[in-house]
Amino acid sequence: MAERLAAIDVGTNTVLLLVAERADGALVPLLERAEITRLGRGVDATGRLDPAAIAETAAVVGDYARAARALGVERFACVATSAARDAANGGAFFEAVRLEAGLDATVISGDEEARLVYESAWRDFGAAGTPLAVLDVGGGSTEFTFGDAPEPRGRTSLQVGAVRLTERHVRADPVSAGELAALRDAAREALRPLAAMRRPPGGRLVGVAGTVTTLSAVAQALPVYDAARVHGAPLALAEVEALVARLAALPVAARAALPGMEPKRADVILAGALVVAEAMRATAFDRLTVSDRGVRWGLLHDLAAR
């Protein structure tokens, strides 16, 4: 049997699993799973991971590890991103993962997160000599990477994300006009450094991670999430802004019921949409290509190369 590998990406909001098999130099996905556990809930205010969030997230990682081993996986890559980077008690999470899953998870920097996402996007959408930019909007941070070859020429990680912004600025349901303005202002200010990375002639922007894929699924009104219809789909800035207006007018329960919406993402999707819109505006892209792949795919390509 061909070697099978697994990557687990523990984000501020979501835990993702990819199991793939090496076949003729390519990675063929066998199993993909995603669970929203919100490991980073409250970290922005307290600087610490919530014990219940640690336990819930470690349990999901344990389930993933057992599912992967049942498929014959022996080699894993397991990483945590923004929430674990920011928390003073990140060690408690890694110990819980060792106990639940038998894995040595590691925390990666925002720079490394950006590199992994770019590697994944380049394999799907890159073309030598054609500028490629990659926007990864997470729960706690946003990464932006660019280049015109398999190795990126520049990247940055900014402390702004869907969960972080929501926890800082949203109290009303539905969001008030003042809160909506505060969300947009905060996103615009945090993303100001991206103005130095404006769209080059002929450049293409790829959007990665749950905020962007959810916006695409809602824009398409998908009754059930379909990666084949989301991956590679276009999303214009005008569509993102229309979704911002639509989401802002709805209470969380009504957002959760929208076709294409992941219910557990309904409370933070508005803030995420504003990050996408303001990032596109700052970099002068009027449309992006949606990617259903991200850190986990970059991890698996690195693991396969080793």
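The values are calculated or read from the model by the stated rules, or taken from the named source; none is laboratory data. Please read all numbers here as calculations on a predicted model, not as lab measurements. Using ideal geometry, Cβ is built from the backbone for each residue, glycine included, and neighbour counts are taken over all protein chains shown.
One line per residue, one yes/no per condition, for (1) modelled with pLDDT of 95 or more; (2) assigned to a loop (DSSP other than H, G, I, E, B); (3) small (Gly, Ala, Ser); (4) within 15 Å of VAL97 (Cβ to Cβ):
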| position | (1), (2), (3), (4) |
| --- | --- |
| ALA2 | no, yes, yes, no |
| ARG22 | no, no, no, no |
| ILE54 | yes, no, no, yes |
| ALA58 | yes, no, yes, yes |
| VAL61 | yes, no, no, yes |
| TYR64 | yes, no, no, yes |
| GLY72 | yes, yes, yes, no |
| ALA77 | yes, no, yes, yes |
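Collect the residues in region 17-37 that are buried (at least 22 other Cβ atoms within 10 Å of the Cβ) and either under 19 Å from ILE108 (Cβ atoms) or not assigned by TED's automatic domain parsing to the domain that holds ALA70 (or both), keeping them in residue-number order.
To start, the set of residues in region 17-37 that are buried (at least 22 other Cβ atoms within 10 Å of the Cβ) comprises 17-20, 37.
Across region 17-37, the qualifying residues are LEU17, LEU18, THR37.
For region 118-141, name all the residues that are in contact with a helix residue (DSSP H, G or I) (Cβ under 6 Å, 6 or more places away or on another chain) and either without any contact (Cβ under 8 Å) to a residue 60 or more places away in the chain or of a type in the set (Val, Ile, Thr) (or both).
VAL134, VAL137, listed by residue number.
When you scan region 37-44, do you find a residue that is hydroxyl-bearing (Ser, Thr, Tyr), within 18 Å of VAL295 (Cα to Cα) and in a loop (DSSP other than H, G, I, E, B), even just one? Break it down into steps so the answer makes sense when it comes.
First, the residues of region 37-44 that are hydroxyl-bearing (Ser, Thr, Tyr): 37.
When the remaining residues are screened for being within 18 Å of VAL295 (Cα to Cα), the result is 37.
Cutting the leftovers down to in a loop (DSSP other than H, G, I, E, B) gives us 37.
Checked against the condition, which is being hydroxyl-bearing (Ser, Thr, Tyr), within 18 Å of VAL295 (Cα to Cα) and in a loop (DSSP other than H, G, I, E, B), region 37-44 yields at least one hit.
Within region 280-291, is there a residue that is of a type in the set (S, T, N, Q), modelled with pLDDT of 95 or more and not in a helix (DSSP H, G or I)? First the steps, then the outcome.
So the first thing to find is which residues in region 280-291 are of a type in the set (S, T, N, Q), and the list is 283, 289, 291.
Now drop any that are not modelled with pLDDT of 95 or more, which leaves 283, 289, 291.
Imposing the further condition that a residue be not in a helix (DSSP H, G or I) reduces the set to 289, 291.
Checked against the condition, which is being of a type in the set (S, T, N, Q), modelled with pLDDT of 95 or more and not in a helix (DSSP H, G or I), region 280-291 yields at least one hit.
Return only the number of the condition from (1) in the same structural domain as ASP148 (by TED's automatic domain parsing); (2) surrounded by 17 or more Cβ atoms within 10 Å (Cβ to Cβ) that GLY129 does not satisfy.
(2) is the only condition that GLY129 fails.
How many residues does region 133-186 hold that are crowded, with 18+ Cβ neighbours inside 10 Å and polar (S, T, N, Q)?
Count: 5.
Just one of (1) within 23 Å of LEU132 (Cα to Cα); (2) surrounded by 19 or more Cβ atoms within 10 Å (Cβ to Cβ); (3) out of contact with any strand residue (DSSP E or B) (no Cβ under 9 Å at 6 or more places or on another chain) trips up VAL240, so point out which.
(3)
Restricting to region 109-125, and then to whatever is more than 14 Å from the chain's Cα centre (by Cα) and buried (at least 21 other Cβ atoms within 10 Å of the Cβ), can you tell me which residue is farthest from ARG41 (Cα to Cα)?
TRP122
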